[in-house]
1. Output the qualifying pairs, or none if there are none: Cβ atoms under 6 angstrom, residues six or more apart or on different chains, first residue in the range 41-65 and buried (at least 16 other Cβ atoms within 10 Å of the Cβ), second residue small (Gly, Ala, Ser).
2. For the range 7-48, how many residues meet the condition of being under 29 Å from SER78 (Cβ atoms) and out of contact with any Lys or Arg (no Cβ under 7 Å at 6 or more places or on another chain)?
3. For residues in the range 19-46 being small (Gly, Ala, Ser) and in a strand (DSSP E or B), which is nearest to ILE68 (Cα to Cα)?
4. Output the residues belonging to the range 17-38 that are under 21 Å from ALA53 (Cβ atoms) and in contact with a Cys (Cβ under 6 Å, 6 or more places away or on another chain).
Amino acid sequence: MGLIPVLCPHCHSDQVIKGGKTKAGQQRYKCQNTGCPHYSFQLELLYKGRAPAIKEQIVDMSLNGSGIRDTARVLQISPTTVMNALKKKSLRSPRGTDRSSIRCTRAKGT
């Protein structure tokens, strides 16, 4: 059995050490680069709904008019994961809409 080089997926540093195991038995690693935005990571995710590429696909599919259930069925993930990813994306939207400046106007008689 040989040594497998592990690189941090966030900063691509090779200063990585083992960091224990998850409850499911997956190996966890820790990046020791001080400039890295993330400290702990896994090479193989057990649930693919957590992968950044899947989260991008969720947003792309919603912008193209796919519904929550349709997106979940196509990507083979939970509808709850789709909703949570869309909620987080709307909170971090680059448009910077200030919610305090939005007014709700109601028509008379409603």
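1. Matching pairs, first to second residue: LYS55/ALA85; ILE58/ALA85.
2. Number satisfying all stated conditions: 18.
3. For the range 19-46, the residue satisfying everything is SER40.
4. Once the filter is applied, which keeps residues that are under 21 Å from ALA53 (Cβ atoms) and in contact with a Cys (Cβ under 6 Å, 6 or more places away or on another chain), the range 17-38 yields CYS31, CYS36.
Readers should treat all values here as calculations from the given coordinates under stated rules, not as data from a laboratory. Because the structure is a prediction, the values reported are computed rather than measured. When we count neighbours, we look across all protein chains shown, and the Cβ atoms used for this are built from the backbone with ideal geometry, even at glycine.
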